[in-house]
Amino acid sequence: MAFKIEERKDMNPEFMWDLSKMFKNDEEWKKEYLLLDAEADKIASFSGKLNDALSIKKYLDFQTEFEERLEKLYVYASCRFSEDTRADDAKGLEAGAERLLVKSETLGSFFEPELISKSDDELKKIIESDCLHDYKILLQRIADKKKHTLSAAEERIIASFGEGLSAPGQISAALEDSDMKFESALDGEGNEVEVTGAQFTTLETSTDRVLRKNVFEKYYKGFEEHINTFAQTMSANVKNAVVEANLRNFKSSREMACTAERVPVKVYDNLLSAVHRHLPDMYRYVRLRKRLLGVDELHFYDIYAPLLKDEPKKYSFDDAKELLFDTVKIYGDEYLETVKRGCRENWIDVYPNLGKTGGAYSTGGYLTEPYIMMNFTGNLDSVSTLVHEMGHSMQTYFSNKTQKAPYANYTLFVAEVASTCNENLLVENLLSRTDDPKERLSLLNQYLENFKGTVFRQTMFAEFEKKIHEASQNGTALTPKFLNDTYKELNELYFGPDMVIDDEIKYEWARIPHFYRPFYVFKYATSYSAAVALSEGMRAEAAGKAEGKIKSYLEFLSMGSSLDPLDELKHAGVDFSTPEPIDKALDKFSSVLDEAEKCADLIQNK
C-alpha cells in the first residue's frame, strides 16, 4: 500500500516527534539563540591566557557548558528543518544554528594551537594535573594531534570558512529534497504513479515490474538533468577535504579522516580487500535473485523487488513497535523500558509528509532526548529502520547517562554498531517464529539485503570515495563523466556478470548524501561486521551457550568516546586489528545464502 503524502500541518501529532521538550516553540529557541550568541563573544577572552592548568580548566568548563547549549539549539533547528525543507522559518533556524556553530568554532580555534605550543614537558604536567582530571583524555588526544595542528591564526582562518565548506552538501541536499521534481511513472495497468525521493525505495519494492522500471528511469532522469550541478558540488566537497589534508600535513584526505577517528588506515584497506575476496558470494546472491524472480535479465530496478510473488506483508506502526520491543528485550529491563518510554513520549517522527527529509536518522544532544526521524511506509524495511534507528538512540541515551559531557559523543566508527546489531536481532527474531519455506526465504532475503546494503554496497561507496579523492589529489578533474564512469565500473565489479548494468545507475552517486561527510560510509561496513559478531554472541548467551556477552555489549553502549573506538570494540569482543571480523561476517552471509538457496529449492520443487 502507498501512503498519501500530505502537508505537515495535516498530519496526526500522535505520530510526530515532540520537540517542545527542548524549546516550547521557535520564539523560545530564538531567545536562547540571542543569549548564546552574546555568550560566544566571551570565548575569545580566554585567548592568550592559558597559562596554567587552572586557567585551562576555567576555559574548558566554560566551553563544555556552551557546547551543551549550542548542541541543543542545533538539534532543535535541524529537526525543524527536517520536518519541511521548504519552510523559510525552519531554514532560518538551521542557518542561525550553523552560523553560531561556525562563530564559536572560529572564536575557539585558538585553543588547540595555544595548548600544543607549550613544551612537551609543560604539556605533560598540564595533562597530569589533578584539576584537569575530567579532561585528561581530551587533552591527551589534542597533544597527539600536534603535528597536524596549525598556528592559531591559521586554525582561525580554516574555522571561519566552516559555513562555506559545508555549502556543497547543503546545496546538494536542497536541490534533491526541495527543488527537484520527478516525472510521474506508469504502472503495469497504465495508471500514473507519483515519484518522489521519499517514495522511491518503496516503489522499487513493488511486485509490478513495469512500475519499477518506469520509476527507476524517471527517478534517475531527474538526476541526469541536474548532473552538472551535482558534479560541481561533489568536486567542491572533495577539493575542500584534499586541501585541508594538505594543509594539515596528511598524506591524503582519507588518512585525515581516519586519524580524526583514531582508526588506522589499514582498517579501511582491510575492508576493501576482504570484501573483494567475498564478491563471489555476492554474485551468487545476484544469481539467486535472478532465478527466483524468473527473469531473463536482472536489472537494478529488480534488486529491491520481493523474491516471492506473494504480496509482501504489511505492518502497522503498532506492529512495528511490538516487534521492536520483543527484539530488544534480550538486552534487559532498563533498555526495554527506555525504548517503550521513547515510543510513548514521542521521540519518533513517523510518517512522510510533503517537504520532509527523505530517509531516516537518529539525533540528540547531551541536554536533550534522542530523536528519530523516519518515513514509515508499512513494509518490513520500515520496521527494520525503526529498530535500526532506536539502536542509535539507545547508544546516545546510555552514553549521555554514563559519560561526562566531553566523552558522551561516540565516534562515527562505532556509530552504526548498535543500530545494525538491532537489525540482525530483528531478523533472527522473525526467523525463530516460522518454519514455512516461503516466510523464511522472505526473512532470509531481508538478512541478505542487510548484508548487501550495509557491507557490500557501503564498501563499494567507500571504494568510490577512495578513487575520487585520490583522483582529485592527483589533479584529475571530477567531471560528470569521470564520476559517472567510475561509479558504473564499481557497480560492474560489485554486482558481477549476472547483473545488467543499467546506464541510469551511473547517476546514483549523486543521491548519496553521506559522500558530503568524507569517508563516513566505510564505517557502516565495519560496524555491521562488528554487529554480526556481537549479535551472534548475545544470541548464544540467551541460548545458554555463552556468558558475559550482553553485559560487555551494554558496557560498550555506555562508553561514548571514553576509549579509542578499536579499544571499545575490543572490550565488546571484536578485534579490528585484523580483517577477521569482516571475513567472519561475510562467512555468515554465505551461510544465510546457503539456507536461502535451500528454501528456494523447496519452494520451486513443490
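The values are calculated or read from the model by the stated rules, or taken from the named source; none is laboratory data. Worth saying up front: this structure is predicted, and the values here are computed from it rather than measured. We place every Cβ from the backbone using ideal geometry, glycine too, and count neighbours over all the protein chains shown.
In the condition set (1) within 22 Å of TYR351 (Cβ to Cβ); (2) surrounded by fewer than 19 Cβ atoms within 10 Å (Cβ to Cβ); (3) of a type in the set (Val, Ile, Thr), VAL75 is compliant with all but (2).
PHE456 falls short of the stated requirement of being under 30 Å from LYS506 (Cβ atoms) and surrounded by 24 or more Cβ atoms within 10 Å (Cβ to Cβ).
Name the one entry in LEU412, LEU444, LEU430 that is in contact (Cβ under 8 Å) with a residue 24 or more places away in the chain, under 28 Å from ASP583 (Cα atoms) and touching a Lys or Arg at 6+ places or on another chain (Cβ under 6 Å). Sole residue among the options that is in contact (Cβ under 8 Å) with a residue 24 or more places away in the chain, under 28 Å from ASP583 (Cα atoms) and touching a Lys or Arg at 6+ places or on another chain (Cβ under 6 Å): LEU412. Restricting attention to the stretch 461-490, the residues that are touching a residue at least 40 places away in the same chain (Cβ under 8 Å) and under 30 Å from VAL592 (Cβ atoms) add up to 6.
Of all residues in the stretch 290-330, those satisfying the criterion of being over 27 Å from the mean Cα position of the chain (by Cα), in a helix (DSSP H, G or I) and not hydrophobic (A, V, I, L, M, F, W, C) are LYS290, ARG291. Reported count of residues in the stretch 219-263, each being in contact (Cβ under 8 Å) with a residue 40 or more places away in the chain, more than 24 Å from GLN199 (Cα to Cα) and either in a loop (DSSP other than H, G, I, E, B) or β-branched (Val, Ile, Thr) (or both), is 11.
Annotation: MET559 fulfils all but one of (1) of a type in the set (A, V, I, L, M); (2) under 22 Å from PHE589 (Cα atoms); (3) more than 17 Å from the chain's Cα centre (by Cα); the unmet one is (2). Cβ-Cβ contacts under 9 Å between residues 6 or more apart (or on different chains), taken from a first residue in the stretch 136-151 that is free of Cβ contacts under 8 Å to residues at least 12 places away in the same chain to a second residue that is not in a helix (DSSP H, G or I), are listed as LYS136/SER129; ASP144/ARG262. Considering the stretch 399-450, the residues that are crowded, with 24+ Cβ neighbours inside 10 Å and of a type in the set (Phe, Trp, Tyr) include one that is nearest to the chain's Cα centre (by Cα), namely PHE413. Meeting the requirement of 2 or more residues that are in contact with a Pro (Cβ under 8 Å, 6 or more places away or on another chain), the helices (runs of 4 or more DSSP H) wholly within the stretch 503-606 are 522-542, 580-604.
Of the residues LYS321, LYS401, the single one that is in contact with a Leu (Cβ under 8 Å, 6 or more places away or on another chain) and of a type in the set (D, E, K, R) is LYS321.
Select from the stretch 33-43 the residues that are in contact with a Leu (Cβ under 8 Å, 6 or more places away or on another chain) and surrounded by 13 or more Cβ atoms within 10 Å (Cβ to Cβ) and list them in ascending order. Passing the criteria: TYR33, LEU36, ASP37, ALA40, ILE43. Total residues in the stretch 170-196 satisfying the condition of being under 15 Å from THR357 (Cα atoms), surrounded by fewer than 19 Cβ atoms within 10 Å (Cβ to Cβ) and not polar (S, T, N, Q): the figure is 7.
Among residues of the stretch 1-32 being hydrophobic (A, V, I, L, M, F, W, C) and not in a loop (DSSP other than H, G, I, E, B), the one that is surrounded by the most Cβ atoms within 10 Å (Cβ to Cβ) is LEU19.
Here is a check on your reading of the model: is PHE62 surrounded by fewer than 18 Cβ atoms within 10 Å (Cβ to Cβ), under 31 Å from the mean Cα position of the chain (by Cα), aromatic (Phe, Trp, Tyr) and part of a helix (DSSP H, G or I)? For PHE62, the condition - surrounded by fewer than 18 Cβ atoms within 10 Å (Cβ to Cβ), under 31 Å from the mean Cα position of the chain (by Cα), aromatic (Phe, Trp, Tyr) and part of a helix (DSSP H, G or I) - is met. Within the stretch 178-195, restricting attention to residues that are under 26 Å from the mean Cα position of the chain (by Cα) and modelled with pLDDT of 90 or more, which residue is farthest from ASP88 (Cα to Cα)? Checking each candidate, the answer is VAL195. For the stretch 364-403, filtered to residues that are small (Gly, Ala, Ser) and assigned to a helix (DSSP H, G or I), the residue that is farthest from GLY332 (Cα to Cα) is SER382.
Taken over the stretch 354-391, residues that are in contact with a strand residue (DSSP E or B) (Cβ under 7 Å, 6 or more places away or on another chain), surrounded by 23 or more Cβ atoms within 10 Å (Cβ to Cβ), under 18 Å from ILE512 (Cβ atoms) and modelled with pLDDT of 95 or more amount to 0.
This table checks each residue for (1) under 19 Å from ASN409 (Cα atoms); (2) of a type in the set (Asp, Glu); (3) surrounded by fewer than 22 Cβ atoms within 10 Å (Cβ to Cβ); (4) free of Cβ contacts under 8 Å to residues at least 60 places away in the same chain.
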{"site": "ALA540", "(1), (2), (3), (4)": "no, no, yes, yes"}
{"site": "ILE550", "(1), (2), (3), (4)": "no, no, yes, no"}
{"site": "LEU554", "(1), (2), (3), (4)": "yes, no, yes, no"}
{"site": "MET559", "(1), (2), (3), (4)": "yes, no, no, no"}
{"site": "SER562", "(1), (2), (3), (4)": "yes, no, yes, no"}
{"site": "HIS571", "(1), (2), (3), (4)": "yes, no, yes, yes"}
{"site": "VAL574", "(1), (2), (3), (4)": "no, no, no, yes"}
{"site": "PRO579", "(1), (2), (3), (4)": "no, no, yes, no"}
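You will find that of VAL286, VAL328, VAL295, VAL383, the residue that is closer than 27 Å to GLU83 by Cα and of a type in the set (Val, Ile, Thr) is VAL383 and no other. Of the set (1) free of Cβ contacts under 8 Å to residues at least 40 places away in the same chain; (2) crowded, with 19+ Cβ neighbours inside 10 Å; (3) not in a helix (DSSP H, G or I), all apply to LEU70 but (3).
Selection of the stretch 152-200 for residues being assigned to a loop (DSSP other than H, G, I, E, B), touching a residue at least 60 places away in the same chain (Cβ under 8 Å) and closer than 30 Å to LYS213 by Cβ yields GLU194, THR196, GLY197, ALA198, GLN199.
Filtering the stretch 337-349 to residues that are part of a loop (DSSP other than H, G, I, E, B) and crowded, with 22+ Cβ neighbours inside 10 Å leaves only TRP347.
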